[in-house]
Amino acid sequence: MMRHSPVSTIMLSSELPKALDAFAACFDLRITVFNEKGERIITGGAQRQIPYCRTVKGTAQGLAACDRSDRTLFERARAEKKTVSHICHGGLLEAVHPVYAHHVLCAYIMLGQIALSGKAVMGKFAGLLKKKRTYSRLEVNSILNLFEILVHHIIDHKLVRIRTDEKYELVMEYMRAHFRERLSVADVASVAGLGKTTVAQLFRTCAGKTFKELLIDMRLDEAERLMREPGMTLREAAFKSGYDDPLFFSRTYRRLRGMTPSAYRQKTAAIVL
């Protein structure tokens with residue numbers, strides 16, 4: 001079962017549909033934004049479902065299977081905090097990337113309707129895919145790399161964001177400015193004029209996380225940003241993101257992100273512009 005973050009109002013930039021439409025048009029694919037509950041928020045105006053998908057979803061059984069498939073992928077993306085992909089029940093490839101604002105999960109971006117070369121789709125509706133453009137595995141990898149670039153652009157430029165409590169905004173602004181330092185919950189509480197217990201509850205209410213969890217998220221996210229920079233060593237990335245001990249950083253990263261820092265760097269090397 002999917003767990004939902006205590007997110008407030010999701011706000012979308014007017015630039016978001018343009019970015020989605022441009023990407024989808026380049027590859028004849030469908031790209032959609034869902035909220036943290038898995039409910040569709042926006043699909044670009046020019047991005048219609050292909051006849052195959054419309055027909056499959058035209059039956060109650062097919063619609064239910066599509067919904068289960070989507071939610072399974074959302075749950076994986078939430079758990080792994082990265083782009084995940086699979087072959088859906090209809091035989092097409094789908095990918096999902098989670099979107100975080102203020103280190104709170106607020107949305108998912110799904111890329112779908114990707115037909116693979118050499119992979120036969122079985123069933124009575126398979127003929128509807130005959131005119132669908134197909135992609136080799138190598139081409140799909142390139143598309144997924146570009147998809148990650150698009151998502152990073154959406155996040156970095158706040159094309160998807162949330163409206164939250166003013167006190168929470170204040171303490172998060174302070175944390176973003178000082179997370180590389182030795183920071184305590186007392187430091188953060190004093191900035192907002194709140195007690196430690198009150199600010200701890202504020203984190204739980206607005207982010208569903210503890211102060212420590214948010215602090216670690218900030219440091220690891222910054223480390224990932226640095227590791228995507230050409231010429232940046234892993235040791236430098238650790239120090240500049242608030243870790244005095246590179247070995248402790250490596251262990252923490254592996255425990256929480258499911259891979260080593262070096263593995264992350266290798267994975268993202270192809271998408272560094």
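Residue count for region 217-255, restricted to those that are among the hydrophobic types (A, V, I, L, M, F, W, C), free of Cβ contacts under 8 Å to residues at least 24 places away in the same chain and within 23 Å of Val104 (Cα to Cα): 2. Answer yes or no: is there a residue in region 189-197 that is closer than 30 Å to Phe27 by Cα, in a helix (DSSP H, G or I) and without any contact (Cβ under 8 Å) to a residue 60 or more places away in the chain. Looking for residues that are closer than 30 Å to Phe27 by Cα, in a helix (DSSP H, G or I) and without any contact (Cβ under 8 Å) to a residue 60 or more places away in the chain, one finds none in region 189-197, hence no.
Filtered by the rule that a residue be without any contact (Cβ under 8 Å) to a residue 60 or more places away in the chain, in a helix (DSSP H, G or I) and of a type in the set (S, T, N, Q), region 198-216 gives Thr198, Gln201.
Could you go through region 181-203 and let me know if any residue there is buried (at least 19 other Cβ atoms within 10 Å of the Cβ) and at positive phi. The answer is no, given that none of the residues of region 181-203 is buried (at least 19 other Cβ atoms within 10 Å of the Cβ) and at positive phi. Check region 62-78 and report whether any residue there is assigned to a loop (DSSP other than H, G, I, E, B) and surrounded by fewer than 18 Cβ atoms within 10 Å (Cβ to Cβ). The answer is no; no qualifying residue exists. Hey, among the residues in region 161-180 that are assigned to a helix (DSSP H, G or I), surrounded by 13 or more Cβ atoms within 10 Å (Cβ to Cβ) and of a type in the set (A, V, I, L, M), which one's nearest to the chain's Cα centre (by Cα)? Across region 161-180, the extreme among qualifying residues is Met172.
Screening Glu39 against (1) surrounded by 12 or more Cβ atoms within 10 Å (Cβ to Cβ); (2) at pLDDT 85 or above; (3) under 18 Å from the mean Cα position of the chain (by Cα) leaves a single unmet condition, (1). There is no residue in region 89-99 that is closer than 28 Å to Ile162 by Cβ, part of a helix (DSSP H, G or I) and under 14 Å from the mean Cα position of the chain (by Cα).
The values are calculated or read from the model by the stated rules, or taken from the named source; none is laboratory data. Keep in mind that this is a model prediction, so the values were computed, not measured. No Cβ is skipped: glycine too gets one built from the backbone with ideal geometry, and neighbour counts run over all protein chains shown.
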